[in-house]
Each structure stands twice: as C-alpha cells, then as structure tokens.
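Below: the structure, in structure tokens.
Nothing in this text is a laboratory measurement; each read-out follows from the coordinates by a stated rule. No experiment lies behind these values; they were computed from the predicted model shown. With ideal geometry, Cβ positions are generated from the backbone for all residues, glycine too; neighbour counts draw on all protein chains shown.
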Amino acid sequence: MTDKMPTWDEFMAPVLQVLESGKDRRYRDLWQAVVDRLSLSDDIKSEKMSSGGSRAENRINWATSHLFHANAVDRPSRGVYRITDIGRQILVSKPNKVTLADIEPFADLTDVFWTGRAKSNPKNGVTSIANLDEDLEPREQIEAARKRIHEEVASELLRRLQDKDPGFFETAVVKLLIAMGYGGAEGQGQVTPLTHDGGIDGVIDRDALGIDRVYIQAKRYAADGRVQRPEVQSFVGALSGKASSGVFITTGRFSKGAEEYASVVPTRIILIDGQRLAALMIRYQVGVQVKENVEVVEVDEDFFE
C-alpha cells in the first residue's frame, strides 16, 4: 500500500500501465484503476485540495494531459482514453517510471501546451521540457501560493493586533464573532468597560432573542507568549452565574496546562490561539480585503458536442 501521495509525473507510468491492455477507458474508470493499481491508502485517496477536489484525481488528470500532448495517449472520443504505439514504446523502455525526459522526444514543442513552459538548454540552445522542476501541477501551485500569501497575511495581522491597544483588540474580536454569524438578529455585540469588565472583555448574543450569550476574554500576547492555566481559571470564575460557556482568544498561545484545564472543566471554554485567530480573520474577511480573484478555466465539453 502506498502511504505517500505520488507527484503528478509519478502517475504517468501507472496511467500507461492501466491502458496497456488496449482497452479504451473512460476517465473515471481510468482514475479508479490507477488508484487501485498503486494501492493508495484511504488517507491518500481522501486527500482534498482547498477547492474540495481530489488531489490524487487532479494529479492523474495532469499526468494524462502530459501523455496526451506527448502523443503517448489518444482521446478517441469525449472523456475516453487509449494508449498509442508511442505510449507502448515509452512503457517498454521505462516500465516503472516515466519522466518528462522520456516523453520529450515524442512531444511537439510548438504545441501551445508546451509553449512558455519549456526551458532553454544552455549547452545547445534547444528548448527542452526535460528539466522542468514541477512537482506540483498548476492548480496545486495556485493553492500553494495562496497558502503562502495567507501565512504572510496572518503573521502581519497578529503583529498589527499586538501593536494596538487592548480596547482595539477586544473590539476586533467582537467584530470577528459577528462576521462568523453571532450577534443575534441585529448582528450586534459589545465590549465591556475596560476598568470594570470583571474578567469579561466582550458579550455577544448567540441567538435572535438574546436568550443565550457568548462571553469573551481577549488577551494580547507576543507570538511566543503563552496563556497559563490560572488565567483560564479566572475566566471560568468570571462566568460563574452568567453562562455555561465562553471563548478565550489570544494573539499568542495556550500552555499545555491551560488546554488540559479547558478540556475537563464543566464550563465549556473554547480556546482560540493566534494562529487560529488569524485564520478566522482571513476566512471571514475581518481586517483584510480581497486584493484579486484568480479564475481557473477548463474546456466546456458540452460546447463541442
């Protein structure tokens, strides 16, 4: 059983192996046969991209596209694939692993599929695809870039929150919870007076009538600062007689003792550390704005029917 997700190019040989029998395969059948042939673990098969699509299926599709544009695979009809004589030739010479270098001799580099992706060989000046360094297929490259951008923005968000005064942070936390759907029918919440908060920094309605309320504790800490168990205990004490649950949010982290206490105390306490706080602010667009959207297109098969 394979416990590691193959890179997209590592799927090329299995695709040819499945098609070697000469039987035409619809893409869904081809994808399933490749997955079965590699005995991918359930965890690998269920791995999803941020878009929700199967990562394995996406990589197999990219591998199949490369084989098609190298004339190793043909598409006799919509969504149907078959191996070609070139594909068989490649498989004979490379039965277990097929690389870009192996399919390059059969690829038409003037094909728009390769244009702009081929690299110049400094030895002879001939454009080549063999030395492309692409462990990720395009959608995954977009996903990876998006993740890096979010990590950078998350870091900046926490820095900005740490630089502001406590009142600003508490207001930001209330705004986040409202953006997440709390705040009752009117979508409202309030920050308690700084000098008389009794250990509670904010209050927000959970339901439309305000029968149930969310009580908030918000603490600004440095990135490596840790909220200790006594602080969580104090928050639980402040909730006594008011609520059976609360949310403790920090720009830092929680100590192991604080986490253990929150997990066993009868009062339900949700702990949100800096990493999760920043992720939620990005997801619900609090303190951030969308700079641009990236559209990913594919051929509309129905158009060509």
Query raised in the report: What's the center-to-center distance, using Cα atoms, between region 200-273 and region 5-26 in Å?
Result: 52 Å
Report summary line: Hydrodynamic calc, region 214-305: Kirkwood Rh from Cα pairs, then Stokes-Einstein at 4 °C with viscosity 1.567 mPa s, so D in µm² s⁻¹ is 83 µm²/s
**Report entry** Cα Rg, Dmax, region 8-119, angstrom units
**Finding:** 13.8, 40
Report summary line: Here the net charge surrounding Val80, from other residues whose Cβ is less than 13 Å away from its Cβ (Lys, Arg +1; Asp, Glu -1), is +3
Report summary line: Over the chain, the sum of -39500 (n - 2.57) across DSSP H runs of at least four, divided by residue number and rounded to 500 deg cm²/dmol, gives at 222 nm -12000 deg cm²/dmol
Query raised in the report: Taking θ as phi - 60°, what are the ³J(HN,Hα) couplings along region 76-84 by the Karplus curve (6.51, -1.76, 1.60), each to the nearest whole Hz, with x for Gly and Pro?
Result: x, 7, 4, x, 10, 10, 8, 6, 9
Report task. In whole Hz, with x marking every Gly and Pro, tabulate ³J(HN,Hα) for region 248-260 from phi via Karplus 6.51 cos²θ - 1.76 cosθ + 1.60, θ = phi - 60°. Result -> 10, 10, 9, 7, x, 10, 10, 5, 4, x, 5, 5, 5
**Report entry** Computed over the chain, the ratio Rg/Rh where both radii use C-alpha atoms and Rh is Kirkwood
**Finding:** 1.15
Query raised in the report: Using Cα atoms only, what is the angle between the long axis of helix 229-239 and the major principal axis of the chain, expressed in degrees (0 to 90) to the nearest 10?
Result: 60 degrees
Query raised in the report: What are the lysines whose alpha-carbon lies under 23 Å from the alpha-carbon of Lys147, with same-chain residues fewer than 8 places away excluded?
Result: Lys4, Lys45, Lys48, Lys291
